[in-house]
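For reference, the structure discussed in these notes is given below.
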């Protein structure tokens, strides 16, 4: 990523049309959203995409914050400080700071506990969680509300370690939760494990994500065979979308599966937050990537967490 380049983080652009009160205003918003640069950078608060000397000594990552009892969530960029044991020690999630996370052994599994009733256990199928980078199911309390959701954190690369050009292909396991509600109000939930491919174009500042090969651990079979998310944006170590890009679901025959109906109001909400993590050979390019995502429609919600495995 070139120095000084900035990315805007905002409410999903796909939902922006809901705020239109006049046809002319809606038409203007539609035209603006069709501009490639605006689609890439989004709208709203400016978030710098440079890694300063303080940040590159810290962790980077993503958290899908879900209020307990809810199906959807909000993806957040996460920073923090690791412990001497190369595990999360302090985490900063939006305005919440969780301190003094410490490892505990529970049934042969590493569990983290800390302030604000925080606890974390490794996500099944995404590694043991005994060293960074790691994926956890993370729980904590804020403003008397209990939250849960997948958390992925690792050591941040430095600004000079992130390539300025070239293409990187990263693969690994992905775990998804699919919640579907039919016309009668009946809800079914599927938890499944699959694999992902994340392609990062450093020169273009774009990335794409594909997940497939799912095996359901619980619930009915998924109504799709794979899904893809194109035109994700790069922001230093981050790979992000606050509504930009195109999501496509496909069946076994390669045909499109219409889980998100185009033009339906309220529109689907899309969020993708991921980070590249420092490699084992430093200085050097990032070696691992992981993150979270949420695709929230009216009758179906798909959330997920992914983390590639370090090269042997």
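So the values come out like this:
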item: Condition broken by residue 308, with the remaining ones in (1) within 30 Å of residue 159 (Cα to Cα); (2) in contact with a helix residue (DSSP H, G or I) (Cβ under 9 Å, 6 or more places away or on another chain) satisfied; result: (2)
item: Among residues of segment 279-304, those that are under 28 Å from residue 162 (Cα atoms), in contact (Cβ under 8 Å) with a residue 40 or more places away in the chain and surrounded by fewer than 19 Cβ atoms within 10 Å (Cβ to Cβ), counted; result: 5
item: Residue in segment 264-277 that is out of contact with any helix residue (DSSP H, G or I) (no Cβ under 9 Å at 6 or more places or on another chain) and modelled with pLDDT under 90 present; result: yes
item: Segment 80-124, subset surrounded by 15 or more Cβ atoms within 10 Å (Cβ to Cβ) and within 13 Å of residue 150 (Cβ to Cβ), residue modelled with the highest pLDDT; result: 123
item: Filter pass, residue 254 being assigned to a loop (DSSP other than H, G, I, E, B), modelled with pLDDT of 80 or more and at positive phi; result: yes
item: Segment 153-179, residues that are assigned to a strand (DSSP E or B) and more than 12 Å from residue 304 (Cα to Cα); result: 153, 154, 155, 167, 168, 169, 170, 171, 172
item: Qualifying residues in segment 230-240 (those that are in contact with a strand residue (DSSP E or B) (Cβ under 6 Å, 6 or more places away or on another chain) and either part of a loop (DSSP other than H, G, I, E, B) or at pLDDT below 90 (or both)) - the one farthest from residue 278 (Cα to Cα); result: 235
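So that you can scan it fast, the table gives a plain yes or no per residue for (1) under 24 Å from residue 237 (Cβ atoms); (2) assigned to a loop (DSSP other than H, G, I, E, B); (3) not assigned by TED's automatic domain parsing to the domain that holds residue 289:
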site	(1), (2), (3)
121	no, no, yes
129	yes, yes, yes
132	yes, yes, yes
135	yes, no, yes
140	yes, no, yes
151	yes, no, yes
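The values are calculated or read from the model by the stated rules, or taken from the named source; none is laboratory data. Quick caveat, the model's predicted, so the values are computed rather than measured. Please note: Cβ atoms are built from the backbone with ideal geometry, for glycine as well, and neighbour counts cover all protein chains shown.
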